[in-house]
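The values are calculated or read from the model by the stated rules, or taken from the named source; none is laboratory data. The shown structure was predicted, so the numbers you read here are calculated from the model rather than taken from an experiment. Cβ placement follows ideal geometry from the backbone for every residue including glycine, while neighbour counts extend to all protein chains displayed.
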Amino acid sequence: MDSIIWNPWHGCKKYSAGCKNCYVYRRDGSVGRDASKVEKTKSFGLPLERNKDLQFKIASGTTVYTCMTSDFFIDEADEWREDIWRIIRQRSDLEFIIITKRIVRFFECIPLDWDRGYDNVTICCTIENQEQCDLRFPVLNSLPAKKKTVCCEPLLSDIDMRKYLNKDILRIIAGGESGKNARICDFDWVMNIRSQCIDAHVPFFFKQTGAKFIKDGKLFAIPRKLQHAQAKKAEIDFLC
Ligand code: SF4
């Protein structure tokens, strides 16, 4: 199944430890753009755009990663979000993945007809360390959504999420940090999360090693192009 990225707005404010080396800031900084300025993009209405033959440009069944150069729940976008929910409702044939660190804003940001959630929306909460796990995981567990996942990326510490894991969580993703200032990711932390997932019967996916990876006490510098491949090579994904 195809996937695309849809950025209805661009720009973000740093929010927690995981944001320190944010790739949006890195990329924008390299071209002299101010990443902290949150602006609507030309792609705002992309899912409803049609070709000359009047077919939607985004084919039915596509997975749409939404707001990858911002945060869907950032307060600067409050006045635009209702239009985005309308588009998401209209394109019920697409699967929208919403990844956020601002899960605590969820109830302020959902549309009136959300009820138990839209069938075509996955809420993915990012958790980078124990502090954010204890803060965000209970919120994620408390909110109504048809599909919930957790992304521990960049993984910055060992995390004990045992008391929060449950069958409503469709998948835990783990990965290290990229870039020249990347912080260390330790394979033991990854394996610890994996073992918690196995115990709780929650699928686990090791997405990437990051640029600085410790395994068996040894620090490895992993080039960007190998970070996903090295994670795959570990063969530690867990499917229930
Ligand atoms: S929330 Fe995401 S996009 Fe925003 S600053 Fe943090 S890492 Fe960057």
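Specify which of the listed residues (126, 100) is surrounded by 15 or more Cβ atoms within 10 Å (Cβ to Cβ) and in contact with a strand residue (DSSP E or B) (Cβ under 6 Å, 6 or more places away or on another chain). Give the derivation first.
Numbers: 100 fails: in contact with a strand residue (DSSP E or B) (Cβ under 6 Å, 6 or more places away or on another chain).
Only one candidate qualifies: 126.
The rows are residues; the columns are (1) within 16 Å of the ligand (Cβ to nearest atom); (2) among the basic types (Lys, Arg).
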| position | (1), (2) |
| --- | --- |
| 89 | no, yes |
| 100 | yes, no |
| 106 | yes, no |
| 109 | yes, no |
| 115 | no, no |
| 125 | yes, no |
| 138 | no, no |
Identify all residues within region 139-163 that are surrounded by fewer than 16 Cβ atoms within 10 Å (Cβ to Cβ), of a type outside the set (A, V, I, L, M, F, W, C) and within 17 Å of the chain's Cα centre (by Cα); write none if there are none.
-> 141, 146
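Do we have any residue at all in region 46-60 that's within 16 Å of the ligand (Cβ to nearest atom), at pLDDT 95 or above, of a type in the set (Lys, Arg) and not assigned by TED's automatic domain parsing to the domain that holds residue 178? Before the answer, list the steps.
Applying the first criterion (within 16 Å of the ligand (Cβ to nearest atom)) to region 46-60 yields none.
No, region 46-60 has no match at all.
Could you tell me how many of the residues in region 95-132 are closer than 28 Å to residue 60 by Cβ and in a strand (DSSP E or B)? Break it down stepwise before answering.
Within region 95-132, the subset closer than 28 Å to residue 60 by Cβ is 95-100, 106, 109-125.
Subsequent filtering for residues that are in a strand (DSSP E or B) retains 95-100, 121-125.
Residues flagged as closer than 28 Å to residue 60 by Cβ and in a strand (DSSP E or B) within region 95-132 amount to 11.
Out of 24, 64, report the one residue that is part of a helix (DSSP H, G or I), among the aliphatic types (A, V, I, L, M) and either in the same structural domain as residue 102 (by TED's automatic domain parsing) or within 27 Å of residue 127 (Cβ to Cβ) (or both). Step through it out loud before you land on a result.
Numbers: 64 fails: part of a helix (DSSP H, G or I).
Of the residues listed, the single one that is part of a helix (DSSP H, G or I), among the aliphatic types (A, V, I, L, M) and either in the same structural domain as residue 102 (by TED's automatic domain parsing) or within 27 Å of residue 127 (Cβ to Cβ) (or both) is 24.
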Candidates 200, 174, filtered to the one that is small (Gly, Ala, Ser), closer than 23 Å to residue 101 by Cα and in contact (Cβ under 8 Å) with a residue 12 or more places away in the chain | 174
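Out of the residues in region 10-44 that are within 11 Å of the ligand (Cβ to nearest atom) and of a type in the set (A, V, I, L, M, F, W, C), state the one that is surrounded by the most Cβ atoms within 10 Å (Cβ to Cβ). Break it down into steps so the answer makes sense when it comes.
Kept after step one, since they are within 11 Å of the ligand (Cβ to nearest atom), are these residues of region 10-44: 10-28, 35-36, 38.
Applying the additional criterion that residues be of a type in the set (A, V, I, L, M, F, W, C) yields 12, 17, 19, 22, 24, 35, 38.
Values: 12: 24, 17: 15, 19: 17, 22: 19, 24: 20, 35: 20, 38: 17.
My answer is 12.
Taking residue 104 as the residue in question, decide whether it is touching a Ser or Thr at 6+ places or on another chain (Cβ under 8 Å) and in the same structural domain as residue 24 (by TED's automatic domain parsing). So that I can check it myself, show each step before the final result.
On the way: touching a Ser or Thr at 6+ places or on another chain (Cβ under 8 Å): no; in the same structural domain as residue 24 (by TED's automatic domain parsing): yes.
When the stated conditions are applied, residue 104 does not pass them.
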